[in-house]
2 protein chains.
Amino acid sequence: MPKAQKMTVPSSKRAQLLKLDNQLCFALYALSNRITRLYQPLLAELGITYPQYLVLLVLWEHDARSVGELGRALDLDSGTLTPLLKRMESNGFVSRLRDADDERRVVVSLTTAGLKLREHALEIPGALACQIDLPLSELSALRIQLQHLRQTIE
Amino acid sequence: MPKAQKMTVPSSKRAQLLKLDNQLCFALYALSNRITRLYQPLLAELGITYPQYLVLLVLWEHDARSVGELGRALDLDSGTLTPLLKRMESNGFVSRLRDADDERRVVVSLTTAGLKLREHALEIPGALACQIDLPLSELSALRIQLQHLRQTIE
DNA sequence: TGCAATTAAATTGTGTGCAATATAAATTGC
DNA sequence: GCAATTTATATTGCACACAATTTAATTGCA
């Protein structure tokens, strides 16, 4: 046995790790982009984008959330959310109001139109599932793995 | 047995499917964003962004690729790649030259500086792995599942 | 009470993503 | 051979993402 050395990965191994096909990050990035593109035509019918759809998913579960609460739910910052929410407001799907109890906060609420969108949106998960040829049980297992991995990174 | 009806998912079930926590797409989106943020400080030291890093991964494996070949490798279109490659060119990491055999094509090649970056980049996969507290075997299995799912969507 | 530290959003600036369109070179059909 | 089609890249316009900074409101605590 050779004497113990500093723990390093040999450079041949490190070179393997730089290959695109070995990158978990790229597998995530490419699949995420692709799935967003799958949603796009369905969401365009509703007049919303994919990140806007995510905001609606949160609000349909709990209406009247602050920008910060939305940001924590979606892991997005105010630099992304503020202009996005302003677009949703000007399109008539949400209202943005200062919280009277804490004037720093802006509370985002569904309008009637925003609530109404939910009925049409109920068709979306099914329409998406049709385009993904994998058993639902596998998709669910994959989702849980991804959620778990994200938690370990926090 | 009730008479066969049109195959539809009951609306209570559809409502479940609209919850954020049940969305595979969001699990992908949020994890992909988060991992990109993990890379950002490491890549900033090299003077590149995450998508630029992906371009370099391709070129380090096969130098001198056309814009179209890069786009197929990374699943990105010319609207994304053209300005990104121009930034990489002006930062001195790649050259962009019309292919003499086919004047429609633009061949992207590594400069000396672009090739040199690879040495520093060899440290990156290891640095990332340290921030993700999961066995490499699991990460590898996850990557393969994601690659497979992307193929089924093509 | 008073004011420094913290918190919540907004703003600024840069860099993606992508649909739609434009431009130009190569290929195909006749 | 050459017009019509196809292919490769670029451009335009819009909507994210996010780091860094700014502004304003609240909290903590001496």
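The values are calculated or read from the model by the stated rules, or taken from the named source; none is laboratory data. Keep in mind the model is a prediction, meaning the values are calculated, not measured. Because the Cβ atoms are built from the backbone with ideal geometry, glycine has one as well, and the counts that use them run over all protein chains shown.
Could you tell me whether any residue of the stretch B:112-121 is within 18 Å of the chain's Cα centre (by Cα) and either basic (Lys, Arg) or under 22 Å from residue B:38 (Cα atoms) (or both)?
So the first thing to find is which residues in the stretch B:112-121 are within 18 Å of the chain's Cα centre (by Cα), and the list is B:118, B:121.
Remaining after also requiring either basic (Lys, Arg) or under 22 Å from residue B:38 (Cα atoms) (or both): B:118, B:121.
Yes, the stretch B:112-121 has at least one match.
Among the residues of the stretch B:25-45, is any within 14 Å of residue A:30 (Cα to Cα), within 7 Å of chain A (Cβ to nearest Cβ), free of Cβ contacts under 8 Å to residues at least 12 places away in the same chain and away from DNA strand C (no atom under 16 Å from the Cβ)? Yes, there is a match, as at least one residue in the stretch B:25-45 is within 14 Å of residue A:30 (Cα to Cα), within 7 Å of chain A (Cβ to nearest Cβ), free of Cβ contacts under 8 Å to residues at least 12 places away in the same chain and away from DNA strand C (no atom under 16 Å from the Cβ). Of the residues in the stretch B:70-82, none is in a helix (DSSP H, G or I) and at pLDDT below 95.
Per the conditions (1) within 16 Å of DNA strand C (Cβ to nearest atom); (2) within 14 Å of another protein chain (Cβ to nearest Cβ), the sole criterion not satisfied by residue B:134 is (1). Any residue that is under 22 Å from residue B:22 (Cα atoms), assigned to a helix (DSSP H, G or I) and small (Gly, Ala, Ser) - is there at least one of those in the stretch A:110-124? There is at least one residue in the stretch A:110-124 that is under 22 Å from residue B:22 (Cα atoms), assigned to a helix (DSSP H, G or I) and small (Gly, Ala, Ser).
Given the structure, is residue B:102 part of a loop (DSSP other than H, G, I, E, B) and within 12 Å of DNA strand D (Cβ to nearest atom)? In short, yes. When the criteria are applied in full, residue A:128 fails the requirement of being assigned to a helix (DSSP H, G or I) and either more than 17 Å from residue B:19 (Cβ to Cβ) or out of contact with any Cys (no Cβ under 8 Å at 6 or more places or on another chain) (or both). Within the span defined as the stretch B:86-109, one or more residues are small (Gly, Ala, Ser), surrounded by fewer than 13 Cβ atoms within 10 Å (Cβ to Cβ), farther than 23 Å from residue A:29 by Cβ and in contact with a helix residue (DSSP H, G or I) (Cβ under 9 Å, 6 or more places away or on another chain). Residue count for the stretch B:41-69 satisfying the condition of being assigned to a loop (DSSP other than H, G, I, E, B) and surrounded by fewer than 17 Cβ atoms within 10 Å (Cβ to Cβ): 4. When the stretch A:75-97 is filtered for residues that are of a type in the set (A, V, I, L, M, F, W, C) and more than 8 Å from DNA strand D (Cβ to nearest atom), the ones remaining, listed by number, are A:81, A:85, A:93, A:94, A:97. Among the residues making up the stretch B:61-74, those that are within 8 Å of DNA strand D (Cβ to nearest atom) and either charged (D, E, K, R) or more than 23 Å from residue B:112 (Cβ to Cβ) (or both) are B:68, B:69, B:71. Hey, any hits in the stretch A:111-130 for a residue that's away from chain B (no Cβ under 14 Å), in contact (Cβ under 8 Å) with a residue 24 or more places away in the chain and either surrounded by 19 or more Cβ atoms within 10 Å (Cβ to Cβ) or more than 9 Å from DNA strand D (Cβ to nearest atom) (or both)? The answer is no, given that none of the residues of the stretch A:111-130 is away from chain B (no Cβ under 14 Å), in contact (Cβ under 8 Å) with a residue 24 or more places away in the chain and either surrounded by 19 or more Cβ atoms within 10 Å (Cβ to Cβ) or more than 9 Å from DNA strand D (Cβ to nearest atom) (or both). When residue A:75 is tested against (1) on the phi > 0 side of the Ramachandran plot; (2) away from chain B (no Cβ under 14 Å), only condition (2) is not met. Within the bounds of the stretch B:106-125, is there any residue that is in contact with a Phe, Trp or Tyr (Cβ under 8 Å, 6 or more places away or on another chain) and among the basic types (Lys, Arg)? For the stretch B:106-125, residues in contact with a Phe, Trp or Tyr (Cβ under 8 Å, 6 or more places away or on another chain) and among the basic types (Lys, Arg): present. In the stretch B:145-154, the qualifying residues are those that are more than 8 Å from chain A (Cβ to nearest Cβ) and not in a loop (DSSP other than H, G, I, E, B), and the one that is nearest to residue A:153 (Cα to Cα) is B:148. For residue A:95, state whether it is within 14 Å of chain B (Cβ to nearest Cβ) and of a type in the set (S, T, N, Q). So residue A:95 fails the test.
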